[in-house]
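The values are calculated or read from the model by the stated rules, or taken from the named source; none is laboratory data. A quick note: this is a predicted structure, and the numbers were derived from the prediction, not measured. Please note: Cβ atoms are built from the backbone with ideal geometry, for glycine as well, and neighbour counts cover all protein chains shown. Remember, those area values only see protein heavy atoms, side chains included, never the ligands or the DNA or RNA. Shrake-Rupley method; radii C 1.70, N 1.55, O 1.52, S 1.80 Å.
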Amino acid sequence: MRRLAAACLAAAAAGCAPALREPPTVAVLAAQKAPAVRPGARDADSLLREADALWARRPDADAVRQAESLYLAAADADDRQIAGLIGAVRVKVWRVDRETDVRVREELATSAVHAAQWCGRRAPDEPMCDYWLAIAVGVQAREVRQTAEDGLKTMIAALKRAIEKIPTYEAGGPDRVMALLLLRAPGWPLGPGDPEQALAHAAKAVALPLLVRDEPQNVLVQAEALVANKQRERGTATYRKALTLARERAAAGDPDAAEWIVEATDALER
């Protein structure tokens, strides 16, 4: 979530460059990571299964890098499927936020956008591609600041499509990310920022009939939106709820829960 904040704030100060350019082929994207792919594992389904297993080992950085290679290899092995492309975007976004080399971050962010673009080309009506395009463009906006202004417009359009068609995807991800964008983007006349609309989207994400009740990520965003709308007492209570939920998820072995714990703890300390 912090990566999105930086991307949105960058839009106010950056120059203007298109967020989307002609991407290299999937074969070229996959070839950049080919050394990690074992010669015997070539059909898309087996590559995806192995990639998923490696991705589940995060925060093991080596396993995550191997997962990226396998996701791209799967996407190259079957030009009808999008699961490998979505997996590659997810991994690249995760890696950007943990990479210290500026050049590598820029390359990862740009290649995440390219993979998301191919997802949309293979499945033009698939809202999952819209969702991951929005995420990738947001990360690119942070790392390549000239793309931030156009990137915000691209994100909003893509998230609106995802909200309309798959609001429960990624545990309420479309509304959650839209809420973050509206919270952290510059307000009028510089940008689309709108704390009241952000709170509405956050509340919608929390209230969705999800497979996992009380998703910590959604509760965190709701807490931030409450504070932004001067409901500090409710916001603090909601951050405490998010912290409790995140600790429960950590105890259950969720590999992402540690980050939610840090975010909730930092907010409460502030």
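Any idea what the relative contact order of region 137-213 is, in percent, if you count C-alpha pairs under 8 Å spaced at least 6 apart? It would help to have the intermediate numbers written out before the result.
Numbers: 79 pairs, mean separation 18.7, N = 77.
Reported as a whole number, the value is 24 percent.
I'd like to compare 147-158, 125-136: which one has the highest average count of other Cβ atoms within 10 Å, and what's the full order after that? All intermediate terms of the calculation are to be shown ahead of the outcome.
Working: 147-158: 22.5, 125-136: 24.3.
Ranked by mean Cβ neighbours within 10 Å, highest first: 125-136, 147-158.
Among Gly253, Gly193, Gly120, determine the one that fluctuates most according to a GNM of the chain built with springs between C-alpha atoms less than 10 Å apart.
Gly253
Could you order the peptides 203-209, 55-61, 90-96, 109-115 from most to least packed, using the average number of other C-beta atoms within 10 Å per residue? Could you put the intermediate results ahead of the total?
Numbers: 203-209: 17.3, 55-61: 14.7, 90-96: 22.9, 109-115: 26.3.
Those peptides, ordered most packed to least, come out 109-115, 90-96, 203-209, 55-61.
Which order do the peptides 20-29, 216-225 take when ranked by the mean count of other beta-carbon atoms within 10 Å per residue, highest first?
Working: 20-29: 14.3, 216-225: 26.3.
Top of the packing list down: 216-225, 20-29.
So if the hydrodynamic radius of region 206-247 is defined as the Kirkwood radius over C-alpha pairs, what does Stokes-Einstein give as its diffusion coefficient at 4 °C and 1.567 mPa s, in µm² per second? Mind showing how you got there, number by number?
Values: Rh = 10.2 Å.
In µm²/s, the coefficient is 127.
Work out, in µm²/s and without decimals, the Stokes-Einstein translational diffusion coefficient of region 16-117 at 10 °C, 1.306 mPa s, Rh from Kirkwood over C-alpha pairs.
Working: Rh = 13.5 Å.
Stokes-Einstein gives a translational diffusion coefficient of 118 µm²/s.
Might you tell me the accessible area per residue for the chain, computed with a 1.4 Å probe and given in Å²?
On the way: 12740 Å² over 270 residues.
Averaged over the residues of the chain, the accessible area is 47 Å².
Across 10 Å bins from 0, what is the distribution of all Cα-Cα pair distances for region 121-235, in whole percents?
15, 44, 34, 7, 0
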